[in-house]
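Worksheet for the structure shown next.
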Amino acid sequence: MNWLLFAKLKNISPNIPYQNILHSSSRQAEEINHIELYFCIAAGTMLLLVVGITIYILLRFRESKAGDKRIIPGKIWELPMLIIPTVLVAVFFYFSITTMAHINPDADSRTPDVVITAHQWWWQATYPGSIEAANEIHLPAGKPLLLKLVTADVVHDWWVPQFGNKMDIIPLQDNYLWLTIKEPGEYYGTCSEFCGLQHANMRIKVIAETQAGFDTWLHKNGQAAPPNKNKTIGEELFMAKTCGDCHRINGTAAKGTTGPDLTHIGSRATLLAGMSINDKDNLKRWLKSPQHVKPGAYMPDFLLSDSSINDLADYLQSLK
Amino acid sequence: MIEQSENNATVQDPYQPWSGRILQCLSSVDHKEIGIMYLIMALLFFAVGGTEALLMRTQLAIADNHFLGPEAYNQIFTMHGVTMIFFVAMPALFGLMVYIIPLMIGANDMAFPRLNAFSFWITFFGGQLLYFSFAAGGAPNAGWFNYAPLNETFYSHSNGINYYCMGLLLAGIGSVTTAVNIVVTILTMRVEGMTLRRLPLFVWMSLVNSFLVLAALPSLNAALSMLLLDRLLDAHFFRTAAGGSALLWQHLFWVFGHPEVYIVILPAFGIYSEVFQVFSQKKIFGYAFIAASTVAIALLAFGVWVHHMFAVGLGNTITGFFAASSMLIGIPTGVKIFSWLATMYGGRIKLTVSMLFAVAFLIEFTIGGLSGIAFSIVPIDLQLTDTYFVVAHMHYVFVGGTVFGIFAALFYWFPKMSGRMLDETLGKWFFWLFVIGFNLTFFLQHFLGLMGMARRVYTYPEIPYYTILNMLSSAGAYIMGIATLLLLYNVYRSLKKGKIAGNDPWNAFTLEWYTASPPNEKNFDDVPLVSSRRALWDFKNPDNRDED
């Protein structure tokens, strides 16, 4: 049973394109990648030096080739041994300090552009005006943003490789991260501090848009679900089965905050923190047996009948 | 009983029954038997930890794999790390130190032989207790550094982490008592003429290392005790929901954890220093430099722990300070690499298996050292920490540094311990398989890190290049597994019918090669006069003695 379900799930991973931290998609990443380049050159040279000397020594001083006389290198060798590493270290210390000051200045009292709350195992984004979103995080490109990072439970870590630096998210502590995205586009990342059973499936998706596009999305996302006089069976079920104790659907009686906000779940491309594509089949699989789809997740199995699952999935899909 | 026979090779008493031999081991306080028991313990745990590694690499060989679920995977990667560090690397090095140090300084035994036996057994039982967790509801599952508050009962319900605390506390007691024993032995039991300036470098490194153990372990023991209080008696040290501190655990752990990295590398540096000299048939270059830089590393070790925490948001000032101190470590380490190269330069190099591992170490450790410097450069650390780049880095240091050192030591001192040589041909096969497998596994992981693969994930989605790189990495792990089987076969065969070693098969320089192989119970009947760093060289070349 277990195996069969997994087998079915195999084809549902969303398509994540090739990522590489050396593609700088933010100003911060650009600065980091400059040092990284210098470092690679310096480290590569040192490595070649050591490998080269080792090979030379092995070729020249093998027992079969070397004469009987031992050569003792002079004390003069001790000086470059000390000077080369010292100079390299000093240079890179200078680069470190200046870059740190650039990419990570004090937040002072500026209001963050978005507050990101990490949960076991999903992401919550809160925009000014208490506008909520979950897992797919929309941000405007082209301007410096201040992200405030907090956690609802254990230590997590925010990392989108192409944006450069990561930031741990520590209980009872507000951490800040500056981010200037260069181009609109979709960027993928992952929680990178081990956070329990589903650490692997706590993936990040950032949708960067132009300022106008972002404003339109924010406006739409801030709107409550349209009031519906003739409630569908799915909506009735949602309220009756206590889904609303954990999930919020803005404009309805569902006001829970433990699980992801579902006000606009129908408009998202992925489910379960980037684990699968958002379509009706996957939604139904999830509702049918959450612990098989994402073992350990806090979503209980409500033992729903197939027709209830179908109705619930229809309702959730309608929340655009 | 071990008896000396005519030709100096020894034989086990053939009439002693197995039960008697085992009883003798259990009750032994002889440093040589305890040393060998440490090595056997390390070997057993190496087999277990290695199997865990192979299970992990099997799970990660392809995308979206469900060979192991998250529950099993998290327990296995935690146990792999804890096992390899606390129950393989440390016991193996302690075993070598306990066996070799008294012989190198011309002593009959350790200063406190019964304490020595106690240290071994408590470490051994610590390991048993840790593994009992599998039978008691689940192994620890929050990683070897076991971050708060994930290590609290609310997030980790099984008893695994309680066993982690108890097991490591017991092993920690063993480590501290061994360290005391080694310090006292080195300071008080040296043969006449062996001043501190004439100590073999392996002994020097062991001395410095023991002080590191004494200073670092208390922090871990305190953290483990506090965590036990939290978990068993509802204290709130790390329970963040009740106002405890997550960072307190990280500080306490890494104040121990970073020196720990040096605890498992310094004795290996000592091993390499001996191996390079003997197989280049030449004195070490820069003896004082190597000894002094070891002391420098030991002192700096306590001022760099925050480089494990650059991403936790401590602010630029604190981070900058620790960046500087971490980079400083690179200088004494670089000095050592050049010292060893200069030792080989101009010598008569004999590429035995032991020497091959030492030479391979120079290159692997340079790779690991350089990627280590990358992590002291804060902006690069912020990119790469907690990715597979770290996994690659630390395996280059732990395997390329410590484990290669243990292998070099095994091939170097096996003749002394057993009276027989390890087979060199099989050894070379083992060396090449292991080195190729090792680089295949871990070099590729640098690239996975650069492509954004976080560490400690039990599975990963189909992302371009992930599957092929992981698959090759797993193949490398299996090659290392095969190599290890070859090593075991080599040990087994050589014990039975290896070449008889004689007292001094390598034409070595230090006192342990003066006595019989294996040494009798008293170690020495007489000890030659020590008047330089190479007592045995002086003894063998009375016309060409070292001038101190």
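Pull up the stretch B:479-512, narrow it to residues that are in a helix (DSSP H, G or I) and charged (D, E, K, R), then point me to the one that is least open to solvent (accessible area, probe 1.4 Å).
Among those that are in a helix (DSSP H, G or I) and charged (D, E, K, R), it is B:GLU512.
The rows are residues; the columns are (1) open to solvent by 10 Å² or more (accessible area, probe 1.4 Å); (2) under 18 Å from B:ILE182 (Cβ atoms).
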position: B:VAL29; (1), (2): yes, yes
position: B:VAL48; (1), (2): yes, no
position: B:LEU54; (1), (2): yes, no
position: B:GLN59; (1), (2): no, no
position: B:HIS80; (1), (2): yes, no
position: B:VAL88; (1), (2): yes, no
position: B:GLY106; (1), (2): yes, yes
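Restricting the search to helices (runs of 4 or more DSSP H) fully inside the stretch B:295-395 and requiring at least 3 residues that are open to solvent by 10 Å² or more (accessible area, probe 1.4 Å) and closer than 27 Å to A:LYS148 by Cα gives B:316-344.
Of the residues A:ILE84, A:ILE97, A:ILE103, only one is open to solvent by 60 Å² or more (accessible area, probe 1.4 Å) and either more than 8 Å from chain B (Cβ to nearest Cβ) or farther than 30 Å from B:GLY346 by Cα (or both); which? Residue meeting the stated conditions: A:ILE97. Before we move on, is B:ILE284 in a loop (DSSP other than H, G, I, E, B), farther than 30 Å from A:LEU149 by Cβ and touching a helix residue (DSSP H, G or I) at 6+ places or on another chain (Cβ under 7 Å)? In short, yes. Just one of the listed residues (A:THR45, A:THR54) is over 25 Å from the mean Cα position of the chain (by Cα), more than 9 Å from chain B (Cβ to nearest Cβ), at pLDDT 80 or above and closer than 30 Å to A:THR86 by Cα, namely A:THR45. Pairing residues of the stretch B:444-472 that are away from chain A (no Cβ under 11 Å) with residues that are open to solvent by 40 Å² or more (accessible area, probe 1.4 Å) and in a helix (DSSP H, G or I), at Cβ distances under 8 Å and at least 6 apart in sequence or on separate chains, gives B:LEU444/B:LEU472; B:LEU469/B:PHE447; B:LEU472/B:LEU440. The condition (being part of a helix (DSSP H, G or I), open to solvent by less than 10 Å² (accessible area, probe 1.4 Å) and closer than 22 Å to B:GLY372 by Cβ) is satisfied by just one residue among B:ALA268, B:ALA223: B:ALA268. The condition (being within 9 Å of chain A (Cβ to nearest Cβ) and aromatic (Phe, Trp, Tyr)) is satisfied by just one residue among B:TYR388, B:TYR345, B:TYR396: B:TYR345.
Return the total of residues in the stretch A:258-277 being assigned to a loop (DSSP other than H, G, I, E, B) and either buried (at least 21 other Cβ atoms within 10 Å of the Cβ) or over 24 Å from the mean Cα position of the chain (by Cα) (or both).
Taking the stretch A:258-277 and keeping what is assigned to a loop (DSSP other than H, G, I, E, B), we get A:258-264, A:268-269, A:272-275.
After this cut, where a residue has to be either buried (at least 21 other Cβ atoms within 10 Å of the Cβ) or over 24 Å from the mean Cα position of the chain (by Cα) (or both) as well, the list is A:260-264, A:272-275.
So the answer is 9.
Being over 30 Å from B:GLY106 (Cα atoms), away from chain A (no Cβ under 14 Å) and of a type in the set (Gly, Ala, Ser): is that true of B:SER210 here? The answer is no for B:SER210. Within the stretch A:108-143, the residues that satisfy the criterion of being in a loop (DSSP other than H, G, I, E, B) and among the charged types (D, E, K, R) are A:ASP108, A:ARG110, A:ASP113, A:LYS143. Residue count for the stretch B:114-128 satisfying the condition of being within 16 Å of B:GLY49 (Cβ to Cβ) and either touching a Ser or Thr at 6+ places or on another chain (Cβ under 9 Å) or open to solvent by 10 Å² or more (accessible area, probe 1.4 Å) (or both): 4.
At pLDDT 95 or above, open to solvent by less than 10 Å² (accessible area, probe 1.4 Å), closer than 17 Å to B:ALA171 by Cα and under 23 Å from the mean Cα position of the chain (by Cα): does that describe B:VAL98? For B:VAL98, the condition - at pLDDT 95 or above, open to solvent by less than 10 Å² (accessible area, probe 1.4 Å), closer than 17 Å to B:ALA171 by Cα and under 23 Å from the mean Cα position of the chain (by Cα) - is met.
Going through (1) in contact with a helix residue (DSSP H, G or I) (Cβ under 9 Å, 6 or more places away or on another chain); (2) more than 30 Å from A:SER13 (Cβ to Cβ); (3) not in a loop (DSSP other than H, G, I, E, B) one by one, B:ASP109 falls short only on (3). A:THR151 satisfies every condition listed in (1) out of contact with any strand residue (DSSP E or B) (no Cβ under 6 Å at 6 or more places or on another chain); (2) among the hydroxyl-bearing types (Ser, Thr, Tyr); (3) buried (at least 20 other Cβ atoms within 10 Å of the Cβ) except (1). Considering the conditions (1) closer than 16 Å to B:VAL399 by Cβ; (2) open to solvent by less than 30 Å² (accessible area, probe 1.4 Å); (3) touching a residue at least 60 places away in the same chain (Cβ under 8 Å), B:VAL530 is excluded by exactly one of them, (1). Here is the figure for the stretch A:203-221: residues that are in a helix (DSSP H, G or I) and open to solvent by 30 Å² or more (accessible area, probe 1.4 Å) total 8.
Yes/no per residue for (1) open to solvent by 20 Å² or more (accessible area, probe 1.4 Å); (2) under 26 Å from the mean Cα position of the chain (by Cα); (3) of a type outside the set (D, E, K, R):
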site: B:PRO149; (1), (2), (3): no, no, yes
site: B:THR153; (1), (2), (3): yes, no, yes
site: B:TYR163; (1), (2), (3): yes, yes, yes
site: B:LEU168; (1), (2), (3): no, yes, yes
site: B:GLY172; (1), (2), (3): no, yes, yes
site: B:THR177; (1), (2), (3): yes, yes, yes
site: B:VAL180; (1), (2), (3): yes, yes, yes
site: B:VAL183; (1), (2), (3): no, yes, yes
site: B:LEU187; (1), (2), (3): yes, yes, yes
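Answer with yes or no whether A:ALA200 is part of a helix (DSSP H, G or I) and more than 14 Å from the chain's Cα centre (by Cα).
No, not satisfied.
Would you confirm, using the coordinates I've provided, whether A:GLY234 is modelled with pLDDT under 90, open to solvent by less than 70 Å² (accessible area, probe 1.4 Å) and in contact with a Phe, Trp or Tyr (Cβ under 8 Å, 6 or more places away or on another chain)? Spelling it out, A:GLY234 is indeed modelled with pLDDT under 90, open to solvent by less than 70 Å² (accessible area, probe 1.4 Å) and in contact with a Phe, Trp or Tyr (Cβ under 8 Å, 6 or more places away or on another chain).
Quick check on the stretch B:157-167. Is at least one of its residues in a helix (DSSP H, G or I), away from chain A (no Cβ under 14 Å) and among the polar types (S, T, N, Q)?
Yes: one or more hits.
Determine whether A:LYS255 is within 22 Å of A:VAL154 (Cβ to Cβ) and either among the basic types (Lys, Arg) or open to solvent by less than 70 Å² (accessible area, probe 1.4 Å) (or both). So A:LYS255 does not fit the description; no.
Against the list (1) within 13 Å of chain A (Cβ to nearest Cβ); (2) in contact with a helix residue (DSSP H, G or I) (Cβ under 8 Å, 6 or more places away or on another chain), the condition B:ALA241 fails is (2). Residues in the stretch A:152-193 that are assigned to a strand (DSSP E or B), more than 8 Å from chain B (Cβ to nearest Cβ) and not small (Gly, Ala, Ser): A:HIS156, A:TRP158, A:ILE169, A:LEU177, A:TRP178, A:LEU179, A:THR180, A:ILE181, A:GLU186, A:TYR187. Scanning the stretch A:13-31 for residues that are open to solvent by 20 Å² or more (accessible area, probe 1.4 Å) and either at pLDDT below 80 or within 8 Å of another protein chain (Cβ to nearest Cβ) (or both) gives A:SER13, A:ASN15, A:PRO17, A:TYR18, A:ASN20, A:LEU22, A:GLU31.
The values are calculated or read from the model by the stated rules, or taken from the named source; none is laboratory data. This is a predicted model, so every value here is computed, not measured. For neighbour counting, all protein chains shown are included, and Cβ atoms are generated from backbone atoms with ideal geometry for every residue, glycine included. Note: areas computed on protein heavy atoms with side chains; ligands, DNA, RNA excluded. Shrake-Rupley method; radii C 1.70, N 1.55, O 1.52, S 1.80 Å.
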